[in-house]
Amino acid sequence: MNLQQLAHAAADYYGVAYVDLISPCRQAKFVRPRHICQWIAKDAGYKQSDIARFWRLDGSAVHYGCKMVQNQLDTSKQAVEDLKKFMKHARQWD
């Protein structure tokens, strides 16, 4: 799955417009799905620089987003379940 497909899947799953999701808006309803997409992309082997370029961010912002998601996954079973549900949904976009 490429980064654009992942972002479209996230927009659909989280009920936000794709253009809003990829915008620089910092509202929580956009930031969390962005961070999740960044974490998934990094986990899938994308370079941090490629992820940053797609989201129009610098590398430290991507690092921070991935760290936030990893912390949630390490401390919350609910976060793990939510990620599994999203990944199941995202596979339909592949």
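The values are calculated or read from the model by the stated rules, or taken from the named source; none is laboratory data. Please read these numbers as outputs of a predicted model, since none were measured by experiment. Reconstructed Cβ throughout: ideal geometry from the backbone, glycine too, with neighbour counts over all protein chains shown. Remember, those area values only see protein heavy atoms, side chains included, never the ligands or the DNA or RNA. Shrake-Rupley method; radii C 1.70, N 1.55, O 1.52, S 1.80 Å.
Summary table
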| read-out | value |
| --- | --- |
| Rounded to whole Å, sorted largest first: equivalent-ellipsoid semi-axes of the stretch 42-94, Cα gyration tensor | 21, 16, 8 |
| Partner lysines for residue 85 [C-alpha distance under 22 Å; skip if fewer than 8 residues away on the same chain] | 29, 42, 67, 77 |
| Nearest-10 value in Å² for the accessible area of residue 60, using the 1.4 Å probe | 80 |
| Residue 93 versus residue 1: modelled label distance in nm, points set 7 Å from Cα along the beta carbon direction | 0.7 |
| Rule-of-thumb Rg ratio for the chain [Cα; 2.2 N^0.38 Å; N residues] | 0.97 |
| Inter-centroid distance (Cα atoms) of the stretch 20-80 relative to the stretch 1-19, Å | 13 |
| Within the stretch 49-81, trypsin sites (Lys or Arg not before Pro) in DSSP loop having at most 12 other beta-carbon neighbours inside 10 Å | 56 |
| Estimated dipole of the chain in Debye, rounded to 20 [Cβ of Lys and Arg +1, of Asp and Glu -1, Cα centre] | 80 |
